[in-house]
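J.: Pasting a structure below so you can have a look.
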Amino acid sequence: MSDTVSIKFDEFSKIRILDPTQYDVSSKLKEECKEFTSKISEFNDIIGVFQDLLSSKAQQIEREKLKTIGLRLQVESEVIHRKAMQVQIQSLIDERQAELDRHDSDVKL
């Protein structure tokens, strides 16, 4: 690189250290960087919305899973309760049948 700095004037009479082609290239790069930054910001906003949506859906899924587990436990509990009721009713039927048999045998005598 050279140690001398050349000072130039642009079409608006502004002092420039860079030559016009380098200035145009750097200006174009600056604009492209602004556009890129804008697009990245927009992308981050979209990702934020998407993350919020996924988070709410995950919470909804967890609630439904817990509700399903609760319902499954209720069904299992109901099955056990019905089996116990069936045993109780069957023992009551057997008891009444024995009582009826005793009564029939007493009537025959």
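The values are calculated or read from the model by the stated rules, or taken from the named source; none is laboratory data. This one's a predicted model, so the numbers in the text were calculated from it and none came from an experiment. As a convention, Cβ positions derive from the backbone with ideal geometry for all residues, glycine included, and neighbour counts pool all protein chains shown.
J.: Restricting attention to region 22-37, does a residue exist that is modelled with pLDDT under 85, more than 15 Å from the chain's Cα centre (by Cα) and of a type in the set (Val, Ile, Thr)?
T.: Quick first cut of region 22-37, residues modelled with pLDDT under 85 only: 22-23.
Checking which are more than 15 Å from the chain's Cα centre (by Cα) leaves us with 22-23.
Next, from what is left, pick out any that are of a type in the set (Val, Ile, Thr): none.
No, because not a single residue in region 22-37 is modelled with pLDDT under 85, more than 15 Å from the chain's Cα centre (by Cα) and of a type in the set (Val, Ile, Thr).
J.: Kindly indicate whether any position in region 5-18 is surrounded by 10 or more Cβ atoms within 10 Å (Cβ to Cβ), among the basic types (Lys, Arg) and out of contact with any helix residue (DSSP H, G or I) (no Cβ under 9 Å at 6 or more places or on another chain).
T.: Start the filter on region 5-18 by keeping residues that are surrounded by 10 or more Cβ atoms within 10 Å (Cβ to Cβ), which leaves 8-10, 16-18.
Restricting the remaining residues to those that are among the basic types (Lys, Arg) gives 8, 16.
Still in the running and out of contact with any helix residue (DSSP H, G or I) (no Cβ under 9 Å at 6 or more places or on another chain): none.
No - not one qualifying residue is present in region 5-18.
J.: Mind checking which pairs have a first residue in region 16-35 that is assigned to a helix (DSSP H, G or I) and a second that is not acidic (Asp, Glu), Cβ under 7 Å, 6 or more apart or different chains?
T.: So the pair list comes out as TYR23/ARG16; SER26/LEU18.
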